[in-house]
Amino acid sequence: MPVDPRLKEALAFHRRGRRGEARRLYEAILAEQPGDFEVVQLLGILDLADGAPGQALARFDRAIALRPDLPQAHSNRGNALFHLDRLPEALASYDEAIVLSPAFADALYNRGNALYAMARRDEAVAGYDRLLAIRPDHAEALSNRGVVLFELGRFDEAVASYDKAIALAPGQAALHANRANALRQLRRLHEAVAGYDKAIALRPDPAVLCGRGSALYELGRLGEALASYDQALGLVPGHAEAWSRRGLVLRDLGRLEAAADSYRKALALDPGADFLPGEHLHTRMQACDWASLEGDVADVAAAIAAGRRATSPFIALAILDDPGLHRRASETYAAARFGPVEKPDPFVARGERGRIRVGYYSADFHDHATAYLIAELIEKHDRSRFDCTAFSFGPERQDGMRRRLTAAFDRFVDVRARSDREIVGLSRELAVDIAIDLKGFTRDSRPTIFAGRCAPVQASYLGYPGTMGTQHIDYIIADGVVIPEESRRHYCEKVVRLPACYQANDTSKAMSGRFPSRQELGLGEGFVFCCFNNSYKIQPATFDSWMRILTKVDGSRLWLIEDNAAAVRNLRREAAARGVDGHRLVFSGRVPLADHLARHRCADLFLDTLPYNAHTTASDALWAGLPVLTLLGEAFAGRVAGSLLTAIGLPELIAGTAQDYEERAVELASVAGALAAVRRRLAANRRSSPLFDSTTFARQLEAAYEAMHERHRLGLAPDHIDIAAAR
């Protein structure tokens, strides 16, 4: 039968995008030849293009009724069902088309897309692989395969897929950008930046510029990162993500007021942005900008309770004294960050029963508070029973602490350039029995390592004072003060309680031989209260107490760390608003630890903060002989100083209420001999109490490790463990 000339004309219109003229001709032909399955199909394709998938489906059903053996009709039917979000039926239609034509590339490609849309990612990869086996030059399949592999966390395979796609279509900016995203996950940051640059050269795009900025930020190239975000905003001034990430860089640069303004603009553009309210609030707290703070904290607390992504868990610790909300914040954050986690491969049981292999994972194996706490612990581990490996994903710094730790561990592995997946593989290769996460949800943490299950037993210790909100971590190492019996329900982990304080300490910390005078530090001659906590830990309620204490102790000063100029200005202004001369607040910059310990001698009493206590800062003060007065909170972060004081035998310095806290501070400053008596007891207990007995502490922690390991060896699930004190 000769081809109707009107069909040729209609097809020409169709190819040129003149769909209305094509439709009129198709319908005219169909009116005369209702059995023309090809025209029925073509009208269905037009319906899809015109956004009428329901009408298209009816056309394709009719075409199949006319020619059930036509694979194209089944494939087109799948496309209509896909647009209608009837994915299982779409998949069945693609399968039917492939049965009729096993090498039908379009059906194979769209089948992979349907599987991906159904979140059947492994099957989607297999589907794309089936197509690529017969069409290795299918750039779209290679690209989509890369997307799926990225989401599966198979970043190295994703890069390889994008490489093949780029070889076929080098001018597609999205391919270069997606490849750079995968490289960034692999910690191949320099290559990622180069990839983003290629994408931007092809097509400037704010999202790609944000990705480039993030890679530069992770490389520590903050000025270039800021410029990248500014370039994104030059393209799209209302780009919320660029404003948000710009705020992060500005915060790290110490430009807190500019950072808060950047976050404020991001929130105005996208009030529901994940975890952004918390970042904005935390930045303002670093600057001690308390305008509307009470209402903002209440809003974040309500959002956490409702399961919304209001703040990262660490920030929740600093603003709320509520372990229930801390757990809720962690669970929400973990669900967003990890999603459903694939069941890890089983561990191969070790034949021999030799030393327990413990892995410590951190970004802080250098001149950092965590390193100062654990250094002596690592040195004192019993090497006849324990093999210790450091997995370091922090910066390469050849300072004294890095050298000390490198010598202390049985092996020190720099994994900063490895992906989380590679670190999991390495941990398993080294047959780590117990993985200790020293970071939790703090800065530069990599909790995905533990989501991938790098060891049969995984525990959270020291770095993060709260629950991780997941099932990836089996245990949290604590004590009876920071997690009392009634608080266990707020932790997803099983609680391992040590008999004294949970915190490791280094009794070899040196103090500088040079002791500055009060006059040098601008402290005057009166009673000196101090707090060397970070500025974000200072909340208005604590500051109110401090100002009432200063008012009652004539000539006294409050000595604080100068974290940033904005905090100094704001705190002095807040003091004046409470009737206290702002110059009674004295600020000093940060100095090396040995010098900092030495200058503690210029203070009389350390006043702690709530809801986030002094942690390392408190143990430093006690080691230097400076009494610490704390207010006991409800959550782990607000009970650490109480744990330290209990362990060193000074429970009278633990207040139960703000009134008790203030009265005790005034008494110690005003009653003759009161402070001297406390100082004498601190000096006597410093060397004899559990807090600074690092050898006993190492044995107790090792007992905890042995108990955890033994439960696993016997096939028992993790459970709460209480370690008894040695008799």
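The values are calculated or read from the model by the stated rules, or taken from the named source; none is laboratory data. Small disclaimer: the values here were computed from a predicted structure and weren't measured. When we count neighbours, we look across all protein chains shown, and the Cβ atoms used for this are built from the backbone with ideal geometry, even at glycine.
Couple of notes before you dig in:
- Filter result for VAL159 (in contact with a Gly (Cβ under 9 Å, 6 or more places away or on another chain) and not assigned by TED's automatic domain parsing to the domain that holds ARG111): yes
- Residue within region 692-710 that is of a type in the set (Ser, Thr, Tyr), touching a strand residue (DSSP E or B) at 6+ places or on another chain (Cβ under 7 Å) and surrounded by 15 or more Cβ atoms within 10 Å (Cβ to Cβ) present: yes
- In region 549-590, the residues that are in a helix (DSSP H, G or I), in contact with a Gly (Cβ under 6 Å, 6 or more places away or on another chain) and among the hydrophobic types (A, V, I, L, M, F, W, C): ALA575, ALA576
- Taking each residue of region 653-680 that is in contact (Cβ under 8 Å) with a residue 12 or more places away in the chain and looking for partners that are aromatic (Phe, Trp, Tyr) with beta-carbon atoms closer than 6 Å, six or more apart or interchain, yields ALA655/TYR661; ALA669/PHE527.
- Sole exception among (1) of a type outside the set (S, T, N, Q); (2) on the phi > 0 side of the Ramachandran plot; (3) buried (at least 20 other Cβ atoms within 10 Å of the Cβ) for GLY220, by number: (3)
- LEU626 falls short on exactly one of the conditions (1) without any contact (Cβ under 8 Å) to a residue 12 or more places away in the chain; (2) buried (at least 21 other Cβ atoms within 10 Å of the Cβ); (3) among the aliphatic types (A, V, I, L, M), and that condition is (1).
- Qualifying positions in region 267-286 - buried (at least 22 other Cβ atoms within 10 Å of the Cβ) and either among the β-branched types (Val, Ile, Thr) or farther than 28 Å from PHE543 by Cβ (or both): THR283
- Summed over region 160-201, residues that are without any contact (Cβ under 8 Å) to a residue 40 or more places away in the chain and not in a helix (DSSP H, G or I) total 4.
- The sole residue among PHE515, PHE529, PHE543 that is in a helix (DSSP H, G or I), in contact with a helix residue (DSSP H, G or I) (Cβ under 9 Å, 6 or more places away or on another chain) and among the aromatic types (Phe, Trp, Tyr) is PHE543.
- Members of region 550-606 that are among the hydrophobic types (A, V, I, L, M, F, W, C) and free of Cβ contacts under 8 Å to residues at least 24 places away in the same chain: ALA565, VAL568, ALA576, ALA577, VAL591
- Some residue of region 493-509 being touching a Gly at 6+ places or on another chain (Cβ under 7 Å), over 30 Å from GLU257 (Cβ atoms) and touching a residue at least 24 places away in the same chain (Cβ under 8 Å): yes
- First in region 248-263 and within 19 Å of ASN534 (Cα to Cα), second anywhere and outside any helix (DSSP H, G or I), Cβ under 7 Å, 6 or more apart: GLY254/ASN564; LEU256/ALA287; LEU256/ASN564; GLU257/ALA287; ALA260/ALA287; ALA260/ASP289
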